[in-house]
């Protein structure tokens, strides 16, 4: 377990960018690499997702997919992954909704990296080897980020 304290949104993005670059180079899995983001509203999950996407080479602006639920980005950087999926499960009622939005398929494909905000809402549908990142709001600028 690693804990990092960030003191600005820029620091949070920088940590996420490095984390994504590390995963893209080192992590192997049978299915997709899945990262679960947990924390209260405003704790830094979407800011982290923006830095994470940047680390994978995503050029498009990354916003929280709260209303569309899942955003897919084709990865152009040379790596073993071809797609980055960013999901927001805040509005999902249960694990059953995961297949309705195609997230279950995305999490099985080894060519994907999947980042899931509000992952605890679909806890039972998450792969056993999911990487968990928890955010704690300290104050307006400061966040405690716990990597499990």
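Each reported figure results from applying straightforward, stated rules to the coordinates on display, with no laboratory input. On a predicted model such as this, the values are computed, not experimentally measured, just so you know. Neighbour counts are summed over all protein chains in view; Cβ atoms, including those assigned to glycine, are modelled from backbone coordinates with ideal geometry.
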Rank 120, 132, 80 by mean-square fluctuation in a GNM of the chain with C-alpha springs under 10 angstrom and give only the top-ranked residue. 80
Here the gain from full extension of residue 108 to residue 7, 0.36 nm per residue of separation minus their alpha-carbon distance, amounts to 32.8 nm
Normalised by the number of residues in the chain, what is the relative contact order in percent for Cα pairs under 8 Å and 6+ residues apart? 35 percent
Return the single residue from 11, 26, 117 with maximal mean-square fluctuation; model: Gaussian network over the chain, springs between Cα atoms under 10 Å. 26
Sorted by Cβ density within 10 Å, fewest first, the residues 115, 41: 41, 115
Run through the DSSP bridge list for segment 2-147 and note the antiparallel percent, rounded to the nearest 5. 50 percent
Can you compute the FRET efficiency between residue 79 and residue 140 using 1/(1 + (r/R0)^6), with r the Cβ-Cβ distance and R0 = 35 Å? Round to the nearest 0.05. 0.50
On a full-extension model of 0.36 nm per residue, what is the gain between residue 95 and residue 60, subtracting their alpha-carbon distance, rounded to one decimal in nm? 9.7 nm
Which residues does the label zone of residue 123 cover in segment 27-62, counting backbone N under 18 Å from a point 7 Å along Cα→Cβ? 35-41
Can you sort 135, 147 from fewest to most other Cβ atoms within 10 Å of each residue's own Cβ? 147, 135
Relative contact order for segment 10-57: what is it in percent, counting Cα pairs under 8 Å that are at least 6 residues apart? 68 percent
